[in-house]
1. Please state which of the following conditions residue 76 fails to meet, knowing it meets all the rest: (1) free of Cβ contacts under 8 Å to residues at least 24 places away in the same chain; (2) at negative phi.
2. Taking interchain pairs and intrachain pairs at least six residues apart, which have beta carbon atoms under 6 angstrom, with the first residue in segment 49-60 and modelled with pLDDT under 85 and the second surrounded by fewer than 24 Cβ atoms within 10 Å (Cβ to Cβ)?
3. Can you spot a residue in segment 67-90 that is surrounded by 20 or more Cβ atoms within 10 Å (Cβ to Cβ) and either out of contact with any helix residue (DSSP H, G or I) (no Cβ under 7 Å at 6 or more places or on another chain) or in a loop (DSSP other than H, G, I, E, B) (or both)?
4. State all residues of segment 23-39 that are surrounded by fewer than 19 Cβ atoms within 10 Å (Cβ to Cβ) and assigned to a helix (DSSP H, G or I); if no residue qualifies, say none.
């Protein structure tokens, strides 16, 4: 008998296969479903490199256009999500180069490898029903943490956002960034060490709420991408 985890993985693969079929049939509904499923992941991946929400949104839109016009290059060697994150990262780095911004994308050896190995600057609040005062404090702490994350070099910010904010596993983060799991672990430790210099020891925040991509921004990206795909004859409405 399959375990719940195995069943969940099988269902995810089945859903992904159905979406891929719809994409290759140029079904507009499949394109929209995929975008709504992964918009936030791609926004956070982009936000790990660029320092501005509007620029990150542009990266997301261009990522979808690139992905949808090169579907034949996806061969299933990794998950669809990993493939998309790689495109988003390359798009973000390319955007920064065009803007004349140098993005350091290599580690500085020996810096903070063992720092903070057993500590986390983020402690989640277990309360399901925060008081108005607690909620206001959370919002303030969220702003402080977002500002601190923006101060990280992109090489560390990208790992921190994918791991701590988006919740990707070490192996998935490594695959998306095309580095080893050990590199991901080291960069994550360095990112946390750097963040501690900007945060109080008592800071408490649910990291998963950072750099969200819901509501109008998500709708704008979906509508913009679909309009350009329709104009180019890439998709059909069924």
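The values are calculated or read from the model by the stated rules, or taken from the named source; none is laboratory data. All figures in this text were calculated on a predicted structure; none of them were measured in a lab. Neighbour counts run over all protein chains shown; Cβ positions are idealised from the backbone, glycine included.
1. Going through (1) free of Cβ contacts under 8 Å to residues at least 24 places away in the same chain; (2) at negative phi one by one, residue 76 breaks only (2).
2. Taking only residues 6 or more apart or on different chains, the pairs are 51/150.
3. No, segment 67-90 contains no residue that is surrounded by 20 or more Cβ atoms within 10 Å (Cβ to Cβ) and either out of contact with any helix residue (DSSP H, G or I) (no Cβ under 7 Å at 6 or more places or on another chain) or in a loop (DSSP other than H, G, I, E, B) (or both).
4. Applying the first criterion (surrounded by fewer than 19 Cβ atoms within 10 Å (Cβ to Cβ)) to segment 23-39 yields 24-29, 32-33, 36-37.
Correct list: 24, 28, 29, 32, 33, 36, 37.
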